[in-house]
Amino acid sequence: MNQNFYYHETAVLDDGCNVGEGSKIWHFSHLMAGCTIGKNCNIGQNVYVAASAVLGDGVKVQNNVSIYDGVVCKDNVFIGPSVVFTNVINPRAFINRKDEYKQTIIEEGASIGANATIVCGNKIGKYAFVGAGSVVTHDVLDFELVAGVPAAHVGWVSKEGFRLEFNRYGIAFCHESKETYTLKGGQVSILQKTDNNDNK
């Protein structure tokens, strides 16, 4: 096991878990053998990471989250406190359905608010934002903002997490990043970035 990371003395790291350089594992967390934690991740208190779960680089997992088999988080994902993941669509205590796990993918840069529930088999798009307490029952698009029970479309956000207001031409501007976004066919993408150096 790579030892170029920090883990609290109360954390349990099973032999065979893979933890990247610069990551931090905090109080009472449990990493199962076979799980993958990328570089510079922050795993909060009382977090469980199952054997086949995968976290990319720079992922932040807040307290009291269980990341079950079948969950894949790409780079720079934020998972808020007490977020709930599932991996079986119709669980029964008396039926073993481990061969029916559904994959849940959280794409790069997405954020999931506190106490949200992500029903298995869905994908959260790049830089999407799931509001606190929401229940996600379907795929979430790139840059999409969803909230509610069940989670529904509320709007769009920039990479920095700010609301995007599109004009009648489908153009929006993020004042923090200086990026221009376009909305076409129900899909948001980055059109360009304005840089004063471009004119030099």
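The number of residues in the stretch 136-150 being part of a loop (DSSP other than H, G, I, E, B) and under 14 Å from GLU107 (Cα atoms) comes to 4. The residues listed here are GLY38, GLY58; of these, the one that is surrounded by 15 or more Cβ atoms within 10 Å (Cβ to Cβ), in contact (Cβ under 8 Å) with a residue 24 or more places away in the chain and within 18 Å of the chain's Cα centre (by Cα) is GLY38. For the stretch 4-23, the set of residues classified as surrounded by 18 or more Cβ atoms within 10 Å (Cβ to Cβ) and touching a Phe, Trp or Tyr at 6+ places or on another chain (Cβ under 9 Å) consists of TYR7, ALA11, LEU13, VAL19, GLY20, SER23, listed by residue number. Among the residues making up the stretch 41-55, those that are out of contact with any Phe, Trp or Tyr (no Cβ under 7 Å at 6 or more places or on another chain), crowded, with 20+ Cβ neighbours inside 10 Å and assigned to a loop (DSSP other than H, G, I, E, B) are CYS41, VAL47.
Of all residues in the stretch 119-143, those satisfying the criterion of being in contact (Cβ under 8 Å) with a residue 40 or more places away in the chain and under 20 Å from SER82 (Cα atoms) are CYS120, ALA132.
With respect to the conditions (1) without any contact (Cβ under 8 Å) to a residue 24 or more places away in the chain; (2) part of a strand (DSSP E or B), PHE166 falls short on a single one, namely (2).
A quick yes/no check of all residues on (1) modelled with pLDDT under 95; (2) basic (Lys, Arg):
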site: ALA110; (1), (2): no, no
site: ALA114; (1), (2): no, no
site: LYS126; (1), (2): no, yes
site: ALA132; (1), (2): no, no
site: TRP156; (1), (2): no, no
site: HIS175; (1), (2): yes, no
site: LYS184; (1), (2): no, yes
site: GLN187; (1), (2): no, no
site: ASN196; (1), (2): yes, no
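Please enumerate the residues belonging to the stretch 61-82 that are buried (at least 18 other Cβ atoms within 10 Å of the Cβ) and either within 10 Å of the chain's Cα centre (by Cα) or outside the structural domain of THR137 (by TED's automatic domain parsing) (or both). Passing the criteria: VAL61, VAL71, VAL72, CYS73, LYS74, ASN76, VAL77, PHE78, ILE79, GLY80. Each residue in the stretch 98-108 was checked for being at pLDDT 95 or above, farther than 21 Å from SER189 by Cβ and charged (D, E, K, R), and 1 pass. Tally the residues that are part of a strand (DSSP E or B) and surrounded by 24 or more Cβ atoms within 10 Å (Cβ to Cβ), restricting the search to the stretch 105-135. Counting residues in the stretch 105-135 that are part of a strand (DSSP E or B) and surrounded by 24 or more Cβ atoms within 10 Å (Cβ to Cβ) gives 6.
The values are calculated or read from the model by the stated rules, or taken from the named source; none is laboratory data. Worth saying up front: this structure is predicted, and the values here are computed from it rather than measured. Cβ coordinates were reconstructed from backbone atoms using ideal geometry, including for glycine residues, and neighbour counts include every protein chain displayed.
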